[in-house]
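Working notes for the structure below.
Read-outs throughout are calculated quantities, based only on the coordinates presented, and are distinct from any laboratory measurement. Fair warning: this is a prediction, and the values are worked out from it, not measured in the lab. Cβ coordinates were reconstructed from backbone atoms using ideal geometry, including for glycine residues, and neighbour counts include every protein chain displayed.
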Amino acid sequence: MDDTQLKQQIKQLIISECDKEDDFDWQDVQDAEPLFGGDSRIGMDSLDALQVSLALQQRYGVRIEGARDGRRILASVDSIAAYIRQHS
């Protein structure tokens, strides 16, 4: 799978797991935009992060352990894709 396909799948997973289908189309999510915090349009919270982490584990076989690592890894689509490429 190439990088573009991986990032597309990640965006679709995030929108679905965060229950944002009515608010966002996956194509509107930028690769480097923040997923958490005040600058984030998606506005992921800790429950969203847990759901996304579990979905990533099920789909790609990668585990994200600890809040600090989770926040760093789940910061953007780019950082999630890099983590998957390194650990799968």
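A few remarks follow.
- Applying the Karplus relation 6.51 cos²θ - 1.76 cosθ + 1.60 with θ = phi - 60° to segment 75-87 yields 3J(HN,Hα) values of 5, 7, 4, 4, 5, 5, 4, 4, 5, 4, 4, 6, 10 Hz, where x marks Gly and Pro.
- Table column - 3J(HN,Hα) (Hz), segment 64-72, Karplus curve with 6.51, -1.76, 1.60, x for Gly and Pro: 10, 10, x, 5, 5, 5, x, 5, 5
- Computed helical MRE - 222 nm, the chain, DSSP H runs ≥ 4 contributing -39500 (n - 2.57), nearest 500: -17000 deg cm²/dmol
- Close amide H contacts of Val62 (hydrogens built in the peptide plane, cut-off under 5 Å, sequence separation of 5 or more or a different chain): Gln57.
- Qualifying trypsin sites (Lys or Arg not before Pro) in segment 1-67, DSSP loop, other Cβ atoms within 10 Å at most 11: Arg63
- Each of Glu33, Glu17 was scored by other Cβ atoms within 10 Å of its Cβ. Arranged with the fewest first, they read Glu33, Glu17.
- Cα-based shape type of segment 3-87, given that a ≥ b ≥ c are square roots of the gyration tensor eigenvalues and the cut on a/c is 1.5: rounded
- Coupling constants for segment 37-53 follow from the phi torsions by the Karplus curve (6.51 cos²θ - 1.76 cosθ + 1.60, θ = phi - 60°), and in residue order they are x, x, 8, 8, 6, 6, x, 4, 10, 5, 5, 4, 4, 5, 4, 5, 4 Hz; glycine and proline get x.
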